[in-house]
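J.: First, the structure itself, so that you have it in front of you.
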Amino acid sequence: MTLIAFGINHKTAPVDIREKVAFAPEKMEQALHECINKGEVSEAAIVSTCNRTELYFSLLNDDASEHDIAPQLEWFCQYHQLKKEDIEPYIYKHSNNDAVQHILRVASGLDSLVLGEPQILGQIKDAYNTANQAGTIGRQLNRLFQHTFSVAKQVRTDTAIGASPVSVAFAAVSLSKRIFADLSKHTALLIGAGETTELVARHLADQGLNKMIVANRTVERAQVLASNFNAEAIALSDMPDRLVEADIIIASTASQLPILGKGAVERALKSRKHRPMFMVDIAVPRDIEPEVGDLDDVYLYTVDDLHEVIEEGRHSREEAAKQAEEIIENQVDHFMGWLRSLKGVDTICAFREQAEQKRDEQLALAQKQLAAGKDPEQVINDLARTLTNKLIHEPSAQLNQAAYSGRKDLLAHARELFNLEPED
């Protein structure tokens, strides 16, 4: 089998490209089954977040590489209704060692827009659970993901990669303070009720925000989030009427289409007498129409605009990142060793089966001798001697032939295999 990882992320593609290849959560299982049916794919998982879309799969071909994934790439383009030539320049591809290293770096926050951010690990766990539920996770990817979770935890524990409170959510709130110095005098409207929104709400609360409104398609979910921060929960349908109150708007939903348009914002600005509105669209695909940014008195930022704020916290994590890279390098070797060991399973099973067959034959003979009244001590001695001879006969014959043929390499390997002292 061959492990493959390919996809795009914030480093290789701008947001307008990333949003075109995002997988809708409600269609993920269907997409996984379609992926499995392409080429020689035996297992598959898809990670789709605002900053990356990645496919991890296992090919039945042992000699495949990142250059041999034409069927999967073709399906990827067809699924998103894109031309191959329009998307391929943004795609990276990894196989085996490089694929393992990639997912370990991603899960540990080393490949994120925010160095060391913890959210991605939860998103990878969600991707694993979805693929597992869809039945597209097998032995190889299961071991890879479990190993990934373990390594990411080790990186968090053994390094200071997560010491600074830097994340996309934190960067968004930090940027809002550059527009409104004192948040205790302002109101924020949060669109969405997921994990990122919860982080935004926590950072805003820590900064003493005056009032918070949470808008979500499912009001009940918004109420759960709002209850933790003494906020108000509303339905998305009520959002246009409440925009006038919002000085800060931060959007992060899984909607496939924009949910806040230019017209609604224009009406709100008019009612606000053109008091400024600060907006951050963290979602991919985008929640806020890009044209909103053309309006006077609106400061609209996407995830791609957060780089400067994020860079301020990056330096404190760089030394920790170096330590994390060393951990990952060792753990890649560990996983690949396990992967290589799978190729020895058939040989080991055949060897054990042969030995157990000889054992059973000699045991049956010994039991007959005991039943016939033969001296038990003699039976045991005969059993031990005969079984030993039978077990070592074939290896001894092969070693003798190797010596006769001058196969010093085979003799040396045999000493290593049987844990014998090296020959003088």
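J.: Check whether at least one residue in segment 232-247 is loosely packed, with under 15 Cβ neighbours inside 10 Å and under 33 Å from the mean Cα position of the chain (by Cα), and report yes or no.
T.: Yes: one or more hits.
J.: ALA366: touching a Leu at 6+ places or on another chain (Cβ under 6 Å) and either on the phi < 0 side of the Ramachandran plot or of a type in the set (Ser, Thr, Tyr) (or both), yes or no?
T.: Taking the combined requirement at face value, the residue satisfies it.
J.: Among the numbered criteria (1) farther than 23 Å from THR12 by Cβ; (2) at pLDDT 90 or above; (3) not assigned by TED's automatic domain parsing to the domain that holds LEU199, which single criterion is violated by GLY293?
T.: (3)
J.: If a residue has to be crowded, with 22+ Cβ neighbours inside 10 Å, assigned to a helix (DSSP H, G or I) and charged (D, E, K, R) to count, how many in segment 273-305 make the cut?
T.: Selection size over segment 273-305: 0.
J.: I would also like to ask the following. Within segment 11-22, restricting attention to residues that are assigned to a loop (DSSP other than H, G, I, E, B) and surrounded by fewer than 20 Cβ atoms within 10 Å (Cβ to Cβ), which residue is nearest to the chain's Cα centre (by Cα)?
T.: So the residue we want is ALA22.
J.: If you don't mind, there's one more thing I want to ask. Return the total of residues in segment 378-422 being over 45 Å from the mean Cα position of the chain (by Cα) and of a type in the set (D, E, K, R). Break it down into steps so the answer makes sense when it comes.
T.: Going through segment 378-422, the residues over 45 Å from the mean Cα position of the chain (by Cα) turn out to be 378-408.
From what is left, the residues that are of a type in the set (D, E, K, R) are 382, 385, 390, 394, 407-408.
Counting residues in segment 378-422 that are over 45 Å from the mean Cα position of the chain (by Cα) and of a type in the set (D, E, K, R) gives 6.
J.: Filter segment 252-302 down to the residues that are within 17 Å of ILE179 (Cα to Cα) and of a type in the set (A, V, I, L, M) and list them by number.
T.: As a first pass, look at segment 252-302 and keep what is within 17 Å of ILE179 (Cα to Cα): 269, 272, 274-281, 293, 295-302.
Answer for segment 252-302, where residues must be within 17 Å of ILE179 (Cα to Cα) and of a type in the set (A, V, I, L, M): LEU269, MET277, MET279, VAL280, LEU295, VAL298, LEU300.
J.: Let me spell it out: the conditions are (1) closer than 24 Å to GLY109 by Cβ; (2) within 22 Å of the chain's Cα centre (by Cα), and GLY337 meets all of them except one. Which number is the exception?
T.: Every condition holds for GLY337 apart from (1).
J.: Still on this structure: Is at least one residue of segment 52-60 surrounded by fewer than 18 Cβ atoms within 10 Å (Cβ to Cβ), touching a strand residue (DSSP E or B) at 6+ places or on another chain (Cβ under 9 Å), farther than 21 Å from ASP287 by Cα and of a type outside the set (Lys, Arg)?
T.: Residues of segment 52-60 surrounded by fewer than 18 Cβ atoms within 10 Å (Cβ to Cβ): 60.
Filter once more, so that each one left must be touching a strand residue (DSSP E or B) at 6+ places or on another chain (Cβ under 9 Å): 60.
Still in the running and farther than 21 Å from ASP287 by Cα: 60.
Adding the requirement that they be of a type outside the set (Lys, Arg) leaves 60.
For segment 52-60, residues surrounded by fewer than 18 Cβ atoms within 10 Å (Cβ to Cβ), touching a strand residue (DSSP E or B) at 6+ places or on another chain (Cβ under 9 Å), farther than 21 Å from ASP287 by Cα and of a type outside the set (Lys, Arg): present.
J.: Being hydrophobic (A, V, I, L, M, F, W, C), surrounded by fewer than 16 Cβ atoms within 10 Å (Cβ to Cβ) and modelled with pLDDT of 95 or more narrows it down to one residue among PHE149, PHE145; which is it?
T.: After ruling out the rest, the residue left standing is PHE149.
J.: Would you mind stating whether ILE310 is in contact with a helix residue (DSSP H, G or I) (Cβ under 8 Å, 6 or more places away or on another chain) and part of a strand (DSSP E or B)?
T.: On the way: in contact with a helix residue (DSSP H, G or I) (Cβ under 8 Å, 6 or more places away or on another chain): yes; part of a strand (DSSP E or B): no.
Criteria not met by ILE310.
Here's the yes/no breakdown for (1) surrounded by 16 or more Cβ atoms within 10 Å (Cβ to Cβ); (2) under 17 Å from PHE145 (Cβ atoms):
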site: VAL41; (1), (2): yes, yes
site: ILE46; (1), (2): yes, yes
site: CYS50; (1), (2): yes, no
site: ASP68; (1), (2): yes, no
site: TRP75; (1), (2): yes, no
site: LYS83; (1), (2): no, no
site: HIS94; (1), (2): yes, yes
site: ARG105; (1), (2): yes, yes
site: LEU113; (1), (2): yes, no
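Residue-by-condition table, conditions (1) exposed (fewer than 12 other Cβ atoms within 10 Å of the Cβ); (2) in contact (Cβ under 8 Å) with a residue 40 or more places away in the chain; (3) more than 24 Å from LEU269 (Cβ to Cβ):
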position	(1), (2), (3)
GLU311	no, no, yes
HIS315	yes, no, yes
GLU318	yes, yes, yes
GLN323	no, yes, yes
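J.: Restricting to segment 114-161, and then to whatever is touching a helix residue (DSSP H, G or I) at 6+ places or on another chain (Cβ under 6 Å) and without any contact (Cβ under 8 Å) to a residue 60 or more places away in the chain, can you tell me which residue is nearest to GLU325 (Cα to Cα)?
T.: In this case the residue turns out to be ALA152.
The values are calculated or read from the model by the stated rules, or taken from the named source; none is laboratory data. Every value quoted in this text rests on a predicted model; they were computed, and no experiment measured them. All Cβ positions, glycine included, derive from the backbone under ideal geometry; neighbour counts span all protein chains shown.
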